[in-house]
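Quick note: the coordinates plus some simple rules give every number you see, no bench work behind them. The structure displayed is predicted, hence computed values, not measured ones. When we count neighbours, we look across all protein chains shown, and the Cβ atoms used for this are built from the backbone with ideal geometry, even at glycine.
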Amino acid sequence: MSAASPDRLITSLTNDTVKAVRALHMRKAREETGQFLAEGLKFIGEALDQGRAPRRLLVGQDARPHPLLDRARAETRAAGGEVVMVTHAILEKISRRENPQTVLGVFDQAFSPLAALDPTSAACWVALEQVRDPGNLGTIIRTADAAGCGGVILISDCVDPFSVEAVRATMGSVFAVSISRTSVDEFLAWRAGWPGSVIGTRLDAIVDHRAAALKRPALILMGNEQAGLTDRLAATCDVNVKIPMRGHADSLNLAVATGIMVYAATEGL
C-alpha cells in the first residue's frame, strides 16, 4: 500500500465507523461527540485552508486521484486522524443521497465565546435570534463570509449550525466564519460594550434600512423567520429598520434579508 492510500477498507454497512458517522445526522450524536459531517472535496479543502484537518476522512473507492485529496489524506494522518476507504453503498447510506460526494470528512465543532470576540476586527457582524431553518442559517454564514463579516452570533434556541443541512448550505464557509452561541441575558450584557451601532430589523419599523445612520462596527440583529425580532432584543438596538416591500409580498426570506442588511452596512468599504 502506498503512502497516499487510505489506511483500511470498510465494506460493511453495519461497521461501527459507518454507524458513528451516519449518526452525525442527529443533533444528539453531534452534541455528544462534538463533531459534525462535511461532504465533498471542496469542503475538505476549505477546512484545510483554515487549519482544520478532519478527525476522520472517508474516501470512496471510485474517488478520482487529485492533489487536494492527497493533501487531505496527509494532513488528516499528520493531525492524528483516521483515513478509510469505503464503498459507494456506504457513501449513499451516510449522506442519504443517491449520488453522494466521494469524499466525506468528520470534523470537530468550533464555537467562539463572546468574550473572545474583537468587535473592531471587522466592519460588520451578524446576530440571529431563534433561527429555525438550517438552510437559512447556512446561507447566512456563507453570506457573512462573502461580505467579510467578523462572525455570526446565535442567540437563544437557534437551529444547529453543524447540522448536515446547515453545513451544506454554507458551501464551506462554516470553516471560515466565527460562530458563537449565547443566551439572551448573556448577549445583552455583552452588547452593552459594543463600540459601534446595533441595528435591528422589524416589519413595523419606520426607518428605511438605507437611511439609517450607523457607526462601524455594525452589529446586524435579525429575528426568527416567523415571529421576527422579539421586543426585548429590538429594544436594545440603536435603531430598528425595515426593508421596503414594493410588490405584494409582505416580507423577505430571512437569509435574503440578512444579505441585504449586511451589504448595506458594508457599502463603500
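Local charge for residue 42 was computed over the other residues whose Cβ lies under 12 Å away, with Lys and Arg +1 and Asp and Glu -1, and equals -2.
Using only alpha carbon pairs under 8 Å that are at least six residues apart, calculate the relative contact order of the chain and give it in whole percent. Value for the chain: 19 percent. One equal scatterer on each Cα of the range 3-56, no solvent, Debye formula: the resulting log10 I(q)/I(0) at q = 0.18 Å⁻¹ is -0.78. Taking amide hydrogens as placed 1.01 Å from N in the peptide plane, the amide H of residue 224 sits under 5 Å from those of 129, 229, 230, each at least 5 positions away in sequence or on another chain.
Here the calculated FRET efficiency for residue 97 and residue 210, from their Cβ-Cβ distance with R0 = 51 Å, stands at 0.80, rounded to the nearest 0.05.
Please count, across the chain, the pairs of lysine residues with Cα atoms under 26 Å apart that sit 8 or more places apart or on different chains. Let's see the in-between values first.
On the way: 19/28; 19/42; 19/93; 28/93; 42/93; 215/242.
For the chain, qualifying lysine pairs total 6.
Whole-Hz Karplus values for the range 123-137 come out as 7, 8, 9, 10, 10, 10, 10, 6, 5, 10, 9, x, x, 4, 5 Hz, taken residue by residue from phi with 6.51 cos²θ - 1.76 cosθ + 1.60 and θ = phi - 60°; glycine and proline positions read x.
For residue 173, what charge total do you get from the other residues with a beta carbon under 14 Å from its beta carbon, if Lys and Arg give +1 and Asp and Glu give -1?
Values: positive: 42, 52, 142, 168; negative: 46, 49, 145.
Net of charged neighbours comes to +1.
Indicate the gyration tensor shape class of the range 121-269 (rounded, prolate or oblate), computed on the Cα atoms with a ≥ b ≥ c the square roots of the eigenvalues: a/c under 1.5 is rounded; otherwise a/b larger than b/c is prolate and the rest oblate.
Numbers: a/c = 1.28, a/b = 1.17, b/c = 1.10.
Note, shape of the range 121-269 comes out rounded.
With a Förster radius of 51 Å applied to the C-beta separation of residue 26 and residue 192, the computed FRET efficiency comes to 0.85. Annotation: amide H-H contacts under 5 Å for residue 82 (H modelled 1.01 Å from N, sequence separation of 5 or more, or interchain): 56, 57.
Amide H to amide H distances under 5 Å link residue 124 with 150, 218, where only residues 5 or more positions off or on other chains count and H is placed in the peptide plane.
Note on the chain: with a GNM built from Cα contacts shorter than 10 Å, the maximum mean-square fluctuation among 103, 86, 256 falls on 256. For the range 114-265, the relative contact order comes to 28 percent (Cα pairs under 8 Å, sequence separation of at least 6). For the range 180-269, which GluC sites (Glu not before Pro) are in a loop by DSSP, counting at most 13 other Cβ atoms within 10 Å? When the GluC sites (Glu not before Pro) of the range 180-269 are filtered for loop state and at most 13 Cβ neighbours within 10 Å, 267 remain.
Between residue 203 and residue 256, how high is the FRET efficiency from 1/(1 + (r/R0)^6) when r is the Cβ-Cβ distance and R₀ = 22 Å? Nearest 0.05.
Details: r = 15 Å, r/R0 = 0.66.
Working from the Cβ atoms, E equals 0.90.
In order along the range 179-193, the Karplus-derived 3J(HN,Hα) couplings, from 6.51 cos²θ - 1.76 cosθ + 1.60 at θ = phi - 60°, round to 10, 10, 9, 7, 7, 4, 4, 5, 4, 5, 5, 6, 4, 4, x Hz, and Gly and Pro are given as x. Applying the criteria of a DSSP loop state and at most 13 other Cβ atoms within 10 Å to the GluC sites (Glu not before Pro) of the range 81-118 yields 98. Remark: the range 142-155, residue by residue, has Karplus-estimated 3J(HN,Hα) of 4, 5, 4, 5, 4, 8, x, 5, x, x, 10, 10, 9, 10 Hz, where x stands for each Gly or Pro and the curve is 6.51 cos²θ - 1.76 cosθ + 1.60 at θ = phi - 60°. Remark: the residue 132-residue 7 segment gains 41.1 nm on full extension, using 0.36 nm per residue and subtracting the alpha carbon distance. Counting other Cβ atoms within 10 Å of each Cβ, which trypsin sites (Lys or Arg not before Pro) in the range 220-269 have at most 10 and sit in a DSSP loop? When the trypsin sites (Lys or Arg not before Pro) of the range 220-269 are filtered for loop state and at most 10 Cβ neighbours within 10 Å, 246 remain.
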